Amino acid sequence: MAVDRALQRALELHRLGRVAEATAAYESLCSCEDVKPFVTHLLAVAAFQSGQLQRGIALAERAIHLDANSAPFHFNHANLLKASGRLEEAIGA
C-alpha cells in the first residue's frame, strides 16, 4: 500500500497549492500501472496550473489514451484545449 500513501501525499500537496512538489510526487508514481492513467491526468492538471498549457494538453491526451472511458479526463482535456484557443477541438473532446 505504499503507492496509496504516496498518491494520497501527492494529492494533499496539490490541494495545498504546492504544485511543483505534487508534480514531482506524481511523476514518481508514473511507473505504477494501477494508478498511471489517474496520475497522468493529475500531471496534466498540474501542468496547466503551472502555466504549461501545451504540456498539459499532451498529458491529458496521454491519460485519455490510457483510459478512454474516464469522463473527467475528457472534460479536463476539453478545458485545456479551450484555454489554448482551440475551441472547435474542445467541443469535440
The relative contact order of the chain, taking Cα pairs under 8 Å that sit 6 or more residues apart, comes to a percentage of 18
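Give me the 1.4 Å probe accessible area per residue for region 1-71, excluding ligands and nucleic acids, in Å².
Numbers: 4060 Å² over 71 residues.
Normalised by residue count, the accessible surface of region 1-71 is 57 Å².
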So what are the radius of gyration and Dmax for the Cα set of the chain, in Å? 12.9, 42
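Given a Förster distance of 30 Å, report the FRET efficiency between ARG18 and LEU87 from their Cβ-Cβ distance, rounded to the nearest 0.05. Present the calculation step by step, with values, prior to reporting the outcome.
Values: r = 32 Å, r/R0 = 1.06.
Plugging the Cβ-Cβ distance into 1/(1 + (r/R0)^6) gives 0.40.
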Within the chain, excluding any trypsin sites (Lys or Arg not before Pro) found in a DSSP loop (not H, G, I, E or B) and having at most 16 other Cβ atoms within 10 Å, the longest uninterrupted segment runs 19-85
What angle, in degrees between 0 and 90 and rounded to the nearest 10, separates the Cα long axis of helix 2-15 from the longest principal axis of the Cα atoms of the chain? 60
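Net charge within 15 Å of LEU81 by Cβ-Cβ distance, Lys/Arg positive one each and Asp/Glu negative one each, not counting LEU81 itself?
Combined, the nearby Lys, Arg, Asp and Glu give +1.
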Residue by residue through region 70-87, the couplings from Karplus 6.51 cos²θ - 1.76 cosθ + 1.60 with θ = phi - 60°, in Hz, x for Gly and Pro, are 8, 4, x, 5, 5, 4, 5, 4, 4, 5, 5, 4, 4, 4, 8, x, 9, 4
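Less than 15 Å Cβ to Cβ from VAL19, Lys/Arg counted +1 and Asp/Glu -1: what total charge do the surrounding residues give? Walk me through the intermediate numbers first.
Working: positive: ARG9, ARG15, ARG18, ARG55; negative: GLU12, GLU21, GLU27.
Taking every other residue near VAL19 into account, the sum is +1.
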Give me the one-decimal nm value for the distance between modelled label points at PHE75 and ARG55, 7 Å along each residue's Cα-to-Cβ direction. 2.5
Helix-derived [θ] at 222 nm for the chain: sum -39500 (n - 2.57) over DSSP H runs of at least 4, divide by residue count, nearest 500? -24000 deg cm²/dmol
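The values are calculated or read from the model by the stated rules, or taken from the named source; none is laboratory data. Just so you know, these numbers come straight off a predicted model, no measurement behind them. For neighbour counting, all protein chains shown are included, and Cβ atoms are generated from backbone atoms with ideal geometry for every residue, glycine included. With ligands, DNA and RNA removed, areas are computed over all heavy atoms of the protein, side chains included. Shrake-Rupley method; radii C 1.70, N 1.55, O 1.52, S 1.80 Å.
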